[in-house]
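What follows is a set of notes on a single structure, which appears directly below.
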Amino acid sequence: MAYKTKEWRNEMRVTVDYNYMTANSLGDKGITDAELRAVKGKAEEAFNYVAANRGKDELFMGWTELPYNQDEIVADILATAKQVRKKFKYFVVLGIGGSALGPIMAFNALKHLHFNELPPKKRGGAPKFYVEDNVDPVRMQALLDVIVPEETCFNVISKSGATSETMTQFLIIADILEKKGLSLPEHMIFTTDASRGNLIKIDEKYGGKFKKYVLPDGVGGRFSELCPVGLLPAAVLGIDIKGMLAGAAYMDGLCSKPNIARNPALACAVLQYISMQQGKNINVLMPYSDNLKLIADWYCQLWAESLGKAVDYAGNTVNVGTTPVKSLGVTDQHSQVQLYIEGPYDKVITFISVEKYGCEMPIAHGCDDIPDVGFLGGHTMQELIQAENKATAYALMCAGRMNYTINMPEVNAFTLGQLMFMLELQTAYTGALLNINTFNQPGVENGKKATFALLGKKGYEAQKKEMDNAPSFDSKYIV
Ligand code: PA5
């Protein structure tokens with residue numbers, strides 16, 4: 001495996017360039033060395049907090065150990081993936097939020113961008129892949145229109161087994177399979193809590209016949225891509241899951257010092273923290289790569305659910321969190337960048353740049369008599385996208401707008417593992433800097449309970465009553 005040599009790992013190292021965040025580039029709009037020095041102690045504390053609590057299930061920090069403690073699980077997943085690839089033509093993930101965003105992000109990052117349209121041979125024998133991350137009936141019908149249930153393996157992913165969306169997807173599919181006389185355990189794999197939750201109860205009803213993977217106790221949904229939640233779908237697709245975990249471990253090693261000059265995740269956290277204190281409320285992630293487009297969706301959940309919190313550990317009402325925004329280079333240069341350059345000074349833009357794209361695409365010569373078009377001929381698309389990436393960062397800098405760049409040597413399993421782990425660590429450090437609980441999601445829980453009440457679930461009668469007594473809608477506000 002390439003990632004086993006030190007030279008290759010060094011070549012594939014993901015780095016962060018934050019020049020355009022600093023006063024050195026931005027003058028009085030940038031962060032000064034004195035401001036960085038002022039948070040040195042706090043940054044060390046945040047680092048120490050994360051280091052001291054690594055692996056603690058009770059704090060939901062089990063994700064820090066995923067790169068190291070899954071040898072047996074990985075072997076089992078690879079064996080299952082082999083069977084799935086042999087037996088099935090379609091693989092469908094049923095799940096939502098943290099149980100869906102990771103699998104679809106890794107699929108998009110590491111597989112062909114039109115994977116499902118490729119003939120089987122070009123898919124390397126992998127089944128067609130779908131992730132149902134919603135309960136829109138049109139989407140479910142669209143899925144049912146393109147899959148053949150007899151030839152489909154469904155991976156039901158839910159830690160709680162109580163998420164209405166996932167269990168709705170499950171009920172619909174289970175009914176279809178049963179009506180066709182198909183065995184549920186033969187067509188479904190559960191990824192869920194080790195011993196609790198409704199998927200475990202369903203499995204018991206079927207005599208323990210479902211193949212099950214454990215979503216470990218100390219791993220929350222949004223930190224779960226490197227456990228069976230993400231590893232099984234990735235392995236079915238033929239993604240090098242050992243490489244992904246090796247990349248995460250490599251990044252963990254790069255982040256082992258409490259010093260921003262020697263820890264890229266801590267550097268990003270400190271930059272986000274200082275800019276937050278200076279009123280930058282919007283955190284844009286803008287990869288210049290279609291393969292990395294969905295890392296922005298995954299990151300938006302990671303950042304928003306982890307850091308949008310009402311109270312801190314001291315019990316103070318803080319209502320913290322910056323709003324993550326997903327963007328895509330170069331596409332959004334023609335949509336959002338005008339706002340980023342001339343709008344309010346309320347954003348930090350994080351670019352993800354790729355040094356070597358998955359293929360070359362030369363731009364043909366032509367229209368030499370039309371200089372506005374002719375100058376493109378003889379370049380490559382890679383040169384163009386990279387030039388536009390640099391130019392946008394430069395233009396933002398010239399306009400006094402904070403931005404920094406995460407550099408990916410190329411997009412592969414090892415670099416994606418690094419990127420994910422760095423963003424997870426960055427989120428954990430930022431939460432520690434803000435002195436909040438990064439790993440709960442009380443706001444989301446309240447929404448779930450309100451849905452239960454609206455649909456008449458037993459035990460939520462009081463909540464339903466409360467909702468019925470809320471101020472009624474005034475028709476004057478309806479147009
Ligand atoms: O990050 C999270 O914890 C959430 O997004 C969950 O992943 C999501 O709500 C799904 O929960 P569950 O896995 O219990 O079905």
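The values are calculated or read from the model by the stated rules, or taken from the named source; none is laboratory data. Because the structure is a prediction, the values reported are computed rather than measured. Every residue, glycine among them, receives a Cβ derived from its backbone with ideal geometry; neighbour counts consider all protein chains shown.
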Run LEU231 past the list (1) more than 16 Å from the ligand (Cβ to nearest atom); (2) under 24 Å from the mean Cα position of the chain (by Cα); (3) part of a helix (DSSP H, G or I) and report the number of the one that doesn't hold.
(1)
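Just for the range 193-213: of the residues that are more than 28 Å from the chain's Cα centre (by Cα) and assigned to a loop (DSSP other than H, G, I, E, B), which one is surrounded by the fewest Cβ atoms within 10 Å (Cβ to Cβ)? Before you say what the answer is, go through the steps one by one.
Taking the range 193-213 and keeping what is more than 28 Å from the chain's Cα centre (by Cα), we get 201-209.
Applying the additional criterion that residues be assigned to a loop (DSSP other than H, G, I, E, B) yields 206-209.
On the way: TYR206: 12, GLY207: 8, GLY208: 10, LYS209: 14.
Ranking the candidates gives GLY207 first.
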Identify all residues within the range 333-350 that are touching a residue at least 24 places away in the same chain (Cβ under 8 Å) and surrounded by fewer than 18 Cβ atoms within 10 Å (Cβ to Cβ); write none if there are none.
ILE341, GLU342, TYR345, ASP346
Unmet requirement for GLY124, which otherwise passes all of (1) away from the ligand (no atom under 16 Å from the Cβ); (2) touching a Ser or Thr at 6+ places or on another chain (Cβ under 6 Å); (3) touching a residue at least 24 places away in the same chain (Cβ under 8 Å):
(2)
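For (1) within 14 Å of the ligand (Cβ to nearest atom); (2) part of a helix (DSSP H, G or I); (3) crowded, with 23+ Cβ neighbours inside 10 Å, each residue gets a yes or a no:
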{"residue": "PHE414", "(1), (2), (3)": "no, yes, yes"}
{"residue": "GLN418", "(1), (2), (3)": "no, yes, yes"}
{"residue": "GLU424", "(1), (2), (3)": "yes, yes, yes"}
{"residue": "THR427", "(1), (2), (3)": "yes, yes, yes"}
{"residue": "ASN437", "(1), (2), (3)": "yes, no, no"}
{"residue": "ASN440", "(1), (2), (3)": "yes, no, no"}
{"residue": "GLU445", "(1), (2), (3)": "yes, yes, no"}
{"residue": "LYS448", "(1), (2), (3)": "yes, yes, no"}
Just one of GLY238, GLY218 is part of a loop (DSSP other than H, G, I, E, B), within 16 Å of the ligand (Cβ to nearest atom) and either surrounded by fewer than 24 Cβ atoms within 10 Å (Cβ to Cβ) or among the aliphatic types (A, V, I, L, M) (or both); which is it?
GLY218
Looking only at the range 148-160, count how many residues are assigned to a loop (DSSP other than H, G, I, E, B), crowded, with 20+ Cβ neighbours inside 10 Å and either more than 16 Å from the ligand (Cβ to nearest atom) or at pLDDT below 95 (or both).
1
Tell me, which helices (runs of 4 or more DSSP H) lie completely within the range 1-82 with 3 or more residues that are surrounded by fewer than 17 Cβ atoms within 10 Å (Cβ to Cβ) and among the small types (Gly, Ala, Ser)?
40-52
State the number of residues belonging to the range 83-120 that are under 21 Å from LEU292 (Cβ atoms), outside any helix (DSSP H, G or I) and away from the ligand (no atom under 16 Å from the Cβ).
5
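Mind counting the residues in the range 381-434 that are β-branched (Val, Ile, Thr) and in contact with a Pro (Cβ under 9 Å, 6 or more places away or on another chain)?
Looking only at that region, the number is 2.
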Testing ALA296 on (1) in contact with a Cys (Cβ under 8 Å, 6 or more places away or on another chain); (2) free of Cβ contacts under 8 Å to residues at least 60 places away in the same chain; (3) aliphatic (A, V, I, L, M), one condition comes back false. Which one is that?
(1)
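Table: residues versus (1) under 23 Å from the mean Cα position of the chain (by Cα); (2) in a helix (DSSP H, G or I).
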position: LYS122; (1), (2): no, yes
position: GLY125; (1), (2): no, no
position: TYR130; (1), (2): yes, no
position: ASN134; (1), (2): yes, no
position: GLN141; (1), (2): no, yes
position: ASP145; (1), (2): no, yes
position: ALA162; (1), (2): yes, no
position: LEU171; (1), (2): no, yes
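Does SER289 qualify as being of a type in the set (Ser, Thr, Tyr), more than 16 Å from the ligand (Cβ to nearest atom) and outside any helix (DSSP H, G or I)?
Numbers: of a type in the set (Ser, Thr, Tyr): yes; more than 16 Å from the ligand (Cβ to nearest atom): yes; outside any helix (DSSP H, G or I): yes.
Yes, satisfied.
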